[in-house]
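As structure tokens, the structure follows; a few thoughts come after it.
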Amino acid sequence: MRLQSVLIDVIDRESFLRYGDTVEIHRPDPGKAQRGEDEYRILSRAQSSGWRVAMHCVRTRWTKELYSYESRRLLSPRSGTALLCVAPPGRLQNVQLFLLDVPVTINEGVPHCLLTLSLESWIEIVEPFESRYEARELRKTLIPVGLWD
């Protein structure tokens, strides 16, 4: 069997921009921090007719599918070590893997899925109440493999 390697990237604002946003304050206000004042910043906006919050226990270690949702989703890692597999819409062969160690929003229509490197990983998901998706089959099974010299 011939293996094709896909590197696991670290999520930062620039590397993830084509798929969504990182959920973080990019420039804290030093004056407010010095005075001990709270900060409140809107990080993302989306119209919605309701929303739901879920906890996803990820036990899957490989996949043959990615899922495209009709709306944006917020994924927040809670425990375990999870991988976020994403691909540009219309180009499933260009799968990119990210270590999901910070909260992110996934743009509408971006094919993605979650895998775990731990026994299980817990991910908090916030999405529209009537969230719908379409499964998109990959040409090859995606199996994260660790290699040591």
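The set of residues in region 81-104 being in contact with a Lys or Arg (Cβ under 7 Å, 6 or more places away or on another chain) and either open to solvent by less than 50 Å² (accessible area, probe 1.4 Å) or free of Cβ contacts under 8 Å to residues at least 40 places away in the same chain (or both) consists of Pro88, Leu92. Being in a loop (DSSP other than H, G, I, E, B) and either in contact (Cβ under 8 Å) with a residue 40 or more places away in the chain or open to solvent by 70 Å² or more (accessible area, probe 1.4 Å) (or both) holds for only one residue in Arg78, Arg61, Arg52, and it is Arg61. Exactly one residue out of Leu115, Leu92 is touching a Leu at 6+ places or on another chain (Cβ under 8 Å) and either within 21 Å of Asp12 (Cα to Cα) or part of a strand (DSSP E or B) (or both), and it is Leu115. Within region 37-47, not a single residue is open to solvent by less than 50 Å² (accessible area, probe 1.4 Å) and at negative phi. Comparison of Leu75, Leu97, Leu7, Leu92 shows that the only residue that is modelled with pLDDT of 90 or more and under 15 Å from Leu142 (Cβ atoms) is Leu97. Any residue at all in region 133-144 that is polar (S, T, N, Q), more than 21 Å from Arg78 (Cβ to Cβ) and in a strand (DSSP E or B)? Yes: one or more hits. Among the residues of region 109-120, the ones that are more than 12 Å from the chain's Cα centre (by Cα) and either open to solvent by less than 30 Å² (accessible area, probe 1.4 Å) or without any contact (Cβ under 8 Å) to a residue 60 or more places away in the chain (or both) come to 4 in all.
Within region 121-134, if we keep just the residues that are among the acidic types (Asp, Glu) and surrounded by 13 or more Cβ atoms within 10 Å (Cβ to Cβ), the residue that is modelled with the lowest pLDDT turns out to be Glu127.
The values are calculated or read from the model by the stated rules, or taken from the named source; none is laboratory data. The structure displayed is predicted, hence computed values, not measured ones. In this analysis, Cβ positions are derived from the backbone assuming ideal geometry, glycine residues included, and neighbour counts consider all displayed protein chains. What goes into the accessible areas is simple: the full protein's heavy atoms, side chains included, and nothing from ligands, DNA or RNA. Shrake-Rupley method; radii C 1.70, N 1.55, O 1.52, S 1.80 Å.
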